[in-house]
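Okay, so here's the structure we're looking at.
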Amino acid sequence: MSVIEKTASQKAIDLENKYGAHNYHPLPVVLNRGEGVYVWDVDGKKYYDFLSAYSAVNQGHCHPRIVNAMNEQAQTLTLTSRAFYNDMLGKFEKYATDYFNFDKLLPMNTGAEAVETALKICRRWAYEKKGIEENEAEIIVCENNFHGRTTTIISFSNDPVARKHFGPYTKGFIKIEYDNLQALEKALQSSKNIAGFLVEPIQGEAGVYVPSEGYLAKAKALCEKHNVLFIADEVQTGIARTGRLLATCGDCNCEQKDCSQTPNVKPDVLILGKALSGGAYPVSAVLANDDIMSVITPGSHGSTFGGNPVAAAVAMAALDVVKEEQLADNAERLGNIFRSEINEYIKTTDTVTLVRGRGLLNAIVINDTEDSDTAWNICLRLRDNGLLAKPTHGNIIRFAPPLVMTEPQLRECIDIIINTLKEFEA
Ligand SMILES: *Cc1c(COP(=O)(O)O)cnc(C)c1O
């Protein structure tokens, strides 16, 4: 044994390094407990979680209602596969289709699987409903997209790290600039074989890029004009994160007053994941109306775990919590406070260039070169000061706390963030 005992954290990190594939580069902090907006490390130090597992934990860590629903169902029936019916899936499908106002839902487990499902539905629709010739369908996607990690999805990514040496790549995708309606129109006109347009309402992984006002509504109108499916990937932006139930906020049943002020953008195909379970369990889903979902027939698609009774129970509880605790309203209100306070600070400093976002999905851009490690170093210092966040793409730091945060908690966090940034002032 060495003279200096290894800390519990170092032991856990060493285990992952030795026995785990190195497919992530985590911030060095080892967590073993979570509750609401807080997580604790193995030494008992408490942190504000400002990542929320990439917006999966919108309802807060270990929400008692969600955990109870999971425990109860886990003691009753966990998995039947879809070879048989179970008494929970239909309840969840009814609940969620009422909630988001679609005819039908197709359950999956992870976000990437739900995106794959949406792409398959779109291609089938193209051949069977739109009349595109077999194998000719094309789907428009955006530059700097993030839709997951499967072979097909990374085929249309333009992140070299995600793509390198994973080819050959899946064909049938056209990439255009995000937030560029002219590029979309040109692509739509370029071919008779366009089946769909897959888009993130806000590009989260790319660095929380918020498109121009009206972009989504106009993109939807263009898609309608060309008989092309508008497919919204709301895996990260959905379920109250951006201050509304959905960032596309179609004519869903969220009963929010301010919906009338923004143009209704109802996707033809809606992709959900992450917070659909409040982070308790992998649950994802694709929603669409009958004219589209009817292309899916027995045997044409499936998943052993997709639609299992635990997932159904957890997702219903997770969606209940979002409405009951009015998390969309809370995200909207706290997000406005966050951006206005950070903007006040930005006026006084050269360290941060800007803050952007909607609701509680926000990011700051650090005033340094893209390949500098300033953002990483700031995140290390934030950790020391009791707040966990992670850089995305170089010099951008995303801030996305659980939506159950209170205003005093948020103000404490803003103080931590600003005081930490001040340590980096020249
Ligand atoms: C996280 C994410 C995905 C992938 O979800 P996984 O559960 O990690 O497969 C897809 N789309 C968006 C927009 C995401 O943020």
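The values are calculated or read from the model by the stated rules, or taken from the named source; none is laboratory data. Model, not experiment: these values are computed from the prediction. With ideal geometry, Cβ positions are generated from the backbone for all residues, glycine too; neighbour counts draw on all protein chains shown. Just the protein is used for accessible areas: all its heavy atoms, side chains included, with ligands, DNA and RNA removed. Shrake-Rupley method; radii C 1.70, N 1.55, O 1.52, S 1.80 Å.
For the stretch 307-328, indicate whether the set of residues that are assigned to a strand (DSSP E or B) and either modelled with pLDDT of 95 or more or open to solvent by less than 30 Å² (accessible area, probe 1.4 Å) (or both) is non-empty.
no
Within the stretch 135-147, residues that are at positive phi have Cβ atoms under 7 Å from residues that are open to solvent by less than 50 Å² (accessible area, probe 1.4 Å) and more than 11 Å from the ligand (Cβ to nearest atom) in these pairs: Asn144/Tyr178, counting only partners at least 6 apart in sequence or on another chain.
Take the stretch 374-415 and flag every residue that is outside any loop (DSSP other than H, G, I, E, B) and more than 21 Å from Tyr54 (Cβ to Cβ). Scanning the stretch 374-415 gives Thr374, Asn377, Arg381, Asp384, Glu407, Pro408, Arg411, Glu412, Ile414, Asp415.
For the stretch 329-351, give me each residue that is surrounded by 15 or more Cβ atoms within 10 Å (Cβ to Cβ) and not in a helix (DSSP H, G or I). Once the filter is applied, which keeps residues that are surrounded by 15 or more Cβ atoms within 10 Å (Cβ to Cβ) and not in a helix (DSSP H, G or I), the stretch 329-351 yields Thr349, Thr351. For the stretch 264-271, the criterion of being hydrophobic (A, V, I, L, M, F, W, C), at pLDDT below 95 and either within 16 Å of the ligand (Cβ to nearest atom) or open to solvent by less than 10 Å² (accessible area, probe 1.4 Å) (or both) is satisfied by at least one residue. Look at Asp371 and say whether it is surrounded by fewer than 16 Cβ atoms within 10 Å (Cβ to Cβ) and either among the β-branched types (Val, Ile, Thr) or not in a strand (DSSP E or B) (or both). Taking the combined requirement at face value, the residue satisfies it. Inclusion of Thr97 among residues that are open to solvent by 10 Å² or more (accessible area, probe 1.4 Å) and free of Cβ contacts under 8 Å to residues at least 24 places away in the same chain is not warranted.
Residues of the stretch 156-182 that are more than 23 Å from Asp268 (Cα to Cα), more than 19 Å from the chain's Cα centre (by Cα) and part of a helix (DSSP H, G or I): Pro160, Val161, Arg163. Name the single residue, out of those in the stretch 129-144 being in a loop (DSSP other than H, G, I, E, B) and either in contact with a Phe, Trp or Tyr (Cβ under 7 Å, 6 or more places away or on another chain) or at pLDDT below 95 (or both), that is surrounded by the fewest Cβ atoms within 10 Å (Cβ to Cβ). My answer is Glu134. For the stretch 43-98, a residue qualifies if it is within 16 Å of the ligand (Cβ to nearest atom) and among the polar types (S, T, N, Q), and the qualifying residues are Ser52, Ser55, Asn58. Of everything in the stretch 100-112, what is over 15 Å from Ile231 (Cα atoms) and crowded, with 23+ Cβ neighbours inside 10 Å? Give them in sequence order. Residues satisfying the conditions are Pro107, Met108. Assessment of the stretch 12-31 against the conditions (buried (at least 16 other Cβ atoms within 10 Å of the Cβ) and of a type in the set (Asp, Glu)) yields no matching residue. Considered as a group, the residues in the stretch 164-192 that are within 16 Å of the ligand (Cβ to nearest atom) and over 24 Å from Ala126 (Cβ atoms) include one that is least open to solvent (accessible area, probe 1.4 Å), and that residue is Asp179.
Somewhere in the stretch 346-361, is a residue of a type in the set (A, V, I, L, M) and modelled with pLDDT under 95? No - not one qualifying residue is present in the stretch 346-361. Taking every residue in the stretch 52-79 that is at negative phi and pairing it with any residue that is open to solvent by 40 Å² or more (accessible area, probe 1.4 Å) and assigned to a helix (DSSP H, G or I), at least 6 positions away or on another chain, the pairs with Cβ-Cβ distances below 6 Å are Ala56/Lys274. Filtering the stretch 200-210 for residues that are assigned by TED's automatic domain parsing to the domain that holds Asn144, open to solvent by less than 30 Å² (accessible area, probe 1.4 Å), at pLDDT 95 or above and in a strand (DSSP E or B) leaves a non-empty set. Considering the stretch 1-116, the qualifying strands (runs of 3 or more DSSP E), each wholly inside and each with 2 or more residues that are within 19 Å of the chain's Cα centre (by Cα), run over 104-108.
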